[in-house]
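Novice: Quick one: the structure is below, and I'll ask about it shortly.
The values are calculated or read from the model by the stated rules, or taken from the named source; none is laboratory data. Note that the coordinates shown come from a computational prediction; the quantities given were computed from them, not determined experimentally. FYI the Cβ positions are ideal-geometry reconstructions off the backbone, even for glycines, and counts take in every protein chain you see. Heads up: the accessible areas ignore ligands, DNA and RNA and are worked out on the full protein's heavy atoms, side chains in. Shrake-Rupley method; radii C 1.70, N 1.55, O 1.52, S 1.80 Å.
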Amino acid sequence: MKRRLLLPCSLAILTTAGCSMAPYQHSPADNANPSNNPAKEHPLAVKPSPSPTELIKESLYEQHQEWKGIPYRLGGMSKRGIDCSALVYLIYRDHMGIELPRTTQYQALAGESIKRAQLRPGDLVFFKTGRRGRHVGIYLEDGKFLHASVSKGVTISHLTDHYWKSRYWRARRLELERNSTP
């Protein structure tokens, strides 16, 4: 009796074991989930180089971290206090290799005039803050700009904020791709 059961049991074991011994076959679901694709996780995989625009944006966010919260001081050009045009002047000089005029009045004449809808990272944005008052910042992305605020110090604000939206004046573009350093 034992011999009669031995053959069917052996066949059952061999057929089920054969499934587990088959080489792994990739399913379409594996390709849909990038974490299952070992080729994409390879540590030596070549990553595409960032675009000049991405490098500019990255540099500006690094500058924000370096200057964040430094208080506004009219005429200031240091970490003890800085005004808006000095912040723009120093970032462009030290990180983009471009000499700009020191004052907002003359920075507003640099480069070429562009429309608000054409803004891209690194463009200068200008505001009329009073009858004769002017303010400058550096456009980042998605309506955000970096500047030295009188009330908040060096910060990032949004062009659609109530205060800035009604005071927007103009934008200027400088040739950054050729002069920027990563």
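Novice: TYR168 to SER151: extension gain in nm, 0.36 nm per residue of separation minus the Cα-Cα distance?
Specialist: On the way: separation 17, 0.36 × 17 = 6.12 nm, distance 1.79 nm.
Difference between extended and current length: 4.3 nm.
Novice: Using the heavy atoms of the protein chains alone and a 1.4 angstrom probe, what is the accessible area of segment 56-175 per residue in square angstrom? Walk me through the numbers on the way to the answer.
Specialist: On the way: 6140 Å² over 120 residues.
Per-residue accessible area for segment 56-175 comes out at 51 Å².
Novice: Still on this structure, please answer the following. Ranked highest first by the average count of other Cβ atoms within 10 Å around their residues, in what order do 64-76, 143-155, 46-58, 82-94 fall?
Specialist: On the way: 64-76: 14.3, 143-155: 18.8, 46-58: 12.5, 82-94: 21.1.
Top to bottom by mean Cβ count within 10 Å: 82-94, 143-155, 64-76, 46-58.
Novice: What is the pair-distance distribution P(r) of segment 104-182, computed from all Cα-Cα distances in 5 Å bins starting at 0, with each bin given as a whole percent?
Specialist: 3, 15, 27, 27, 18, 6, 3, 0
Novice: Once label points are set 7 Å from the Cα along Cα→Cβ at both GLU175 and LYS128, what is their separation, rounded to one decimal in nm?
Specialist: So the label points at GLU175 and LYS128 sit 3.2 nm apart.
Novice: Separation between the VAL46 and ASP161 pseudo-spin-labels, each 7 Å from Cα along Cα→Cβ, expressed in nm?
Specialist: 4.4 nm
Novice: Considering just Cα atoms, how many Å³ per residue does the convex hull of segment 64-152 enclose? Please list the in-between numbers first.
Specialist: Details: hull volume 9.4 nm³, N = 89.
In segment 64-152, the Cα convex hull volume per residue is 105 Å³.
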